[in-house]
1. So, in segment 27-39, how many residues would count as being among the aliphatic types (A, V, I, L, M) and either touching a Ser or Thr at 6+ places or on another chain (Cβ under 6 Å) or surrounded by fewer than 19 Cβ atoms within 10 Å (Cβ to Cβ) (or both)?
2. Given (1) within 25 Å of TYR186 (Cα to Cα); (2) in contact (Cβ under 8 Å) with a residue 60 or more places away in the chain, identify the lone condition not met by LEU64.
3. Considering segment 40-49 alone, what residues qualify as being of a type in the set (D, E, K, R) and loosely packed, with under 12 Cβ neighbours inside 10 Å?
4. With respect to LEU80, is the statement that it is under 18 Å from the mean Cα position of the chain (by Cα), farther than 24 Å from ALA26 by Cα, among the hydrophobic types (A, V, I, L, M, F, W, C) and surrounded by 13 or more Cβ atoms within 10 Å (Cβ to Cβ) true?
5. Looking at VAL183, is it touching a Gly at 6+ places or on another chain (Cβ under 6 Å), open to solvent by less than 50 Å² (accessible area, probe 1.4 Å) and either of a type outside the set (A, V, I, L, M, F, W, C) or within 26 Å of ARG12 (Cβ to Cβ) (or both)?
6. Taking the criterion of being surrounded by 20 or more Cβ atoms within 10 Å (Cβ to Cβ) and among the small types (Gly, Ala, Ser), would at least one residue in segment 124-135 satisfy it?
7. From the list ALA124, ALA70, which residue is in contact with a helix residue (DSSP H, G or I) (Cβ under 8 Å, 6 or more places away or on another chain), closer than 23 Å to CYS162 by Cα and not polar (S, T, N, Q)?
8. For segment 93-104, give me each residue that is modelled with pLDDT of 95 or more, within 17 Å of GLY68 (Cβ to Cβ) and open to solvent by 40 Å² or more (accessible area, probe 1.4 Å).
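The values are calculated or read from the model by the stated rules, or taken from the named source; none is laboratory data. Note that the structure is predicted; figures quoted are calculated from it, not measured. Every residue, glycine as well, gets a Cβ built from its backbone with ideal geometry; the counts of neighbours run over all protein chains shown. These accessible areas exclude ligands, DNA and RNA; they are computed on the full protein's heavy atoms, side chains included. Shrake-Rupley method; radii C 1.70, N 1.55, O 1.52, S 1.80 Å.
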Amino acid sequence: MRLPRLLVLTDRTQCAGGLVDTVAAAVDAGARAVVLRDKDLPSPERAALAEQLAGLLAPVDGVLVWAGAAGGAGRAAVHLSAADPLPRDRPALLGRSCHSAAELTRARAEGCDWAFLSPLAATASKPGYGPALGAAGLAALVPLGPPVFALGGVTPEDVAGCRAAGAHGVAVMGAVMRDPSVVTRYLAACA
């Protein structure tokens, strides 16, 4: 499966309502790939949440991506942090978070299917990862890795610039968690 141009990352602390309802609304608005973050949840609770979210995505042939090496065994799609070790048994789809040329080069050498490259812009969600790359920084780094999703402060207005810089697509968390209807604006910009 090839990932769509928009990936939605979860963060229940930013949701106006419950996370399941927020993701359901994002899927209704057109999201077809969701990355389950919320790594602070106990393993059984996070696994149960994964099943609920996968159930929302199944009717639209969407994909749920498990974030992190812990608990990822046996999952079809896993997204690793920059520091996570490669899983012993490779999932069908594998991605990695990257913040530098060295990390992108590593992700490509590992055979990752995609990489998140961040931060595109300053973001309150993940302070400390900077400086912001902007479109020029993104364009300089994209050729080093597997297909790249720009992450970090990406607005619908930034999507065209990200794509022109060579990014396969964008990954968005805060904006969608606060207002899942914004998915339609991101999708229109990705088209």
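1. Applying the first criterion (among the aliphatic types (A, V, I, L, M)) to segment 27-39 yields 27, 29, 31, 33-36.
With the extra rule that they be either touching a Ser or Thr at 6+ places or on another chain (Cβ under 6 Å) or surrounded by fewer than 19 Cβ atoms within 10 Å (Cβ to Cβ) (or both), the set shrinks to 29, 36.
Summing the residues that are among the aliphatic types (A, V, I, L, M) and either touching a Ser or Thr at 6+ places or on another chain (Cβ under 6 Å) or surrounded by fewer than 19 Cβ atoms within 10 Å (Cβ to Cβ) (or both) in segment 27-39 gives 2.
2. The single condition LEU64 does not satisfy is (2).
3. Step one: of segment 40-49, the residues of a type in the set (D, E, K, R) are 40, 45-46.
Result: ASP40, GLU45.
4. Working: under 18 Å from the mean Cα position of the chain (by Cα): yes; farther than 24 Å from ALA26 by Cα: no; among the hydrophobic types (A, V, I, L, M, F, W, C): yes; surrounded by 13 or more Cβ atoms within 10 Å (Cβ to Cβ): yes.
Here the answer is no, as LEU80 does not meet what is asked.
5. Numbers: touching a Gly at 6+ places or on another chain (Cβ under 6 Å): yes; open to solvent by less than 50 Å² (accessible area, probe 1.4 Å): yes; either of a type outside the set (A, V, I, L, M, F, W, C) or within 26 Å of ARG12 (Cβ to Cβ) (or both): yes.
Yes.
6. So in segment 124-135, the residues surrounded by 20 or more Cβ atoms within 10 Å (Cβ to Cβ) come out as 133.
Right, trim to among the small types (Gly, Ala, Ser) and you get none.
No, that holds for no residue.
7. Values: ALA70 fails: closer than 23 Å to CYS162 by Cα.
None of the others qualify; the one that does is ALA124.
8. The one that is modelled with pLDDT of 95 or more, within 17 Å of GLY68 (Cβ to Cβ) and open to solvent by 40 Å² or more (accessible area, probe 1.4 Å): GLU103.
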